[in-house]
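Report on the structure given below.
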Amino acid sequence: MHALPVLLTRPAEDSLRLATQLRRFGAQEVVIAPLMRLEVDAALPPIAGGVLLTSRNAVAAFVAGQGAPGLPAWVVGPGTAAEAVKAGFHVRAVAPNVEALVDMVPEDAPALVHLRGVVTRGDLAARLSARGLRVTEAVTYRQAPQPLTPAAISLLRRGPVLVPLYSPRSASLFADACPTEALDHLRLLALSPAVAKACPVCPLAISETPDGEGMLALIRDSLPAIGG
């Protein structure tokens, strides 16, 4: 069985990490073509208590803004947690998703700032405020769209290709950017039903759990899809 080629459209660092894992699973051709580039806001808000971090990008923005280390942090995902520790945060809890994080922040938490991008999901600050916690938001980065690379377009036109999609926004951007002639042979994988809904151009397989481990398992199981 030959492994399907894989197109990764996540941000460059995320895609490089994922590509390394996929090669261990037997992936032979992995093309990286991020659909978004990170733009950070160098001006951080005053933070007296702690922070909520729901992506690695929020950590990168904090570092770029020269934020002071040592703050307590409640985070989503082990990858974000690892980056937060490197940046000097004291990670108090790691949740698999925003929904779980809402329940993991304790009643006696200090005043919190959710460092987020222009586009966000889950209404984290509002839901924690509804619990009586002191929470504000600060937009510290944005993910600007960019076109697929010529190498990515060539791969899509050539034949069957596996494309994992991790967010509704990246799924929507991919649906707009994908060549029409490639739609019949795409193998799309979605992190969640919300991601699948954002890319209605063809059927998708959906991860059993909406997290990195679930997607990694789905990609691994989908790789050996061509008889050789």
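Just one of Ala12, Ala43, Ala61 is closer than 26 Å to Pro145 by Cβ, out of contact with any helix residue (DSSP H, G or I) (no Cβ under 9 Å at 6 or more places or on another chain) and buried (at least 18 other Cβ atoms within 10 Å of the Cβ); which is it?
Ala61
With the condition kept exactly as written, say whether any residue in segment 88-97 is without any contact (Cβ under 8 Å) to a residue 60 or more places away in the chain, in a helix (DSSP H, G or I) and within 17 Å of Pro45 (Cβ to Cβ).
no
Would you mention how many residues in segment 155-179 are crowded, with 17+ Cβ neighbours inside 10 Å and under 30 Å from Ala61 (Cβ atoms)?
The number of residues fulfilling the criteria is 14.
Residues that are among the charged types (D, E, K, R) and part of a strand (DSSP E or B): does segment 102-114 have at least one?
Within segment 102-114, not a single residue is among the charged types (D, E, K, R) and part of a strand (DSSP E or B).
Regarding Glu208, is this residue surrounded by fewer than 13 Cβ atoms within 10 Å (Cβ to Cβ), assigned to a helix (DSSP H, G or I) and at pLDDT 90 or above?
No; evaluated as a whole, the condition is false for this residue.
Which pairs do you get when a residue that is more than 17 Å from Gly214 (Cα to Cα), found in segment 162-182, comes within reach of a residue that is in a helix (DSSP H, G or I) and among the small types (Gly, Ala, Ser), reach meaning Cβ atoms under 9 angstrom, with the pair 6+ apart or on two chains?
Filtered contacts from segment 162-182: Ala171/Ala194; Ala171/Ala196; Ala177/Ala152.
Of the residues Ala196, Ala152, Ala182, only one is touching a Lys or Arg at 6+ places or on another chain (Cβ under 9 Å), assigned to a helix (DSSP H, G or I) and surrounded by 18 or more Cβ atoms within 10 Å (Cβ to Cβ); which?
Ala182
Looking at Val98, Val113, Val102, which one is assigned by TED's automatic domain parsing to the domain that holds Val76, surrounded by 16 or more Cβ atoms within 10 Å (Cβ to Cβ) and touching a Pro at 6+ places or on another chain (Cβ under 7 Å)?
Every option except Val113 fails the conditions.
Just to be sure, is Leu35 modelled with pLDDT of 95 or more and closer than 15 Å to Thr140 by Cβ?
no
Take residues that are over 21 Å from the mean Cα position of the chain (by Cα) and touching a residue at least 40 places away in the same chain (Cβ under 8 Å) and tell me which of the strands (runs of 3 or more DSSP E) falling wholly in segment 9-76 contain 1 or more.
Filter on segment 9-76 gives 50-53.
Each row is one residue, and each column tells you yes or no for (1) outside the structural domain of Gln21 (by TED's automatic domain parsing); (2) within 24 Å of Ala33 (Cβ to Cβ); (3) among the acidic types (Asp, Glu).
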| residue | (1), (2), (3) |
| --- | --- |
| Asp123 | yes, no, yes |
| Leu133 | yes, no, no |
| Glu137 | yes, no, yes |
| Val161 | no, yes, no |
| Pro164 | no, yes, no |
| Ser172 | no, yes, no |
| Pro179 | no, yes, no |
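Could you identify the single residue in Arg220, Arg187 that is in a strand (DSSP E or B), in contact (Cβ under 8 Å) with a residue 12 or more places away in the chain and farther than 25 Å from Leu38 by Cβ?
Going through Arg220, Arg187 in turn, just one is in a strand (DSSP E or B), in contact (Cβ under 8 Å) with a residue 12 or more places away in the chain and farther than 25 Å from Leu38 by Cβ: Arg187.
Could you tell me which of the residues Val75, Val91, Val51, Val6 is hydrophobic (A, V, I, L, M, F, W, C), surrounded by fewer than 20 Cβ atoms within 10 Å (Cβ to Cβ) and at pLDDT 90 or above?
Val91
Which one of the conditions (1) of a type in the set (D, E, K, R); (2) under 30 Å from Ser154 (Cβ atoms); (3) modelled with pLDDT of 95 or more does Lys86 fail to meet, given that it meets all the rest?
So Lys86 meets the others, but not (2).
The values are calculated or read from the model by the stated rules, or taken from the named source; none is laboratory data. The model shown is predicted, which means the values in this text are computed figures rather than measured ones. Cβ atoms come from the backbone with ideal geometry, glycine included; neighbour counts cover every protein chain shown.
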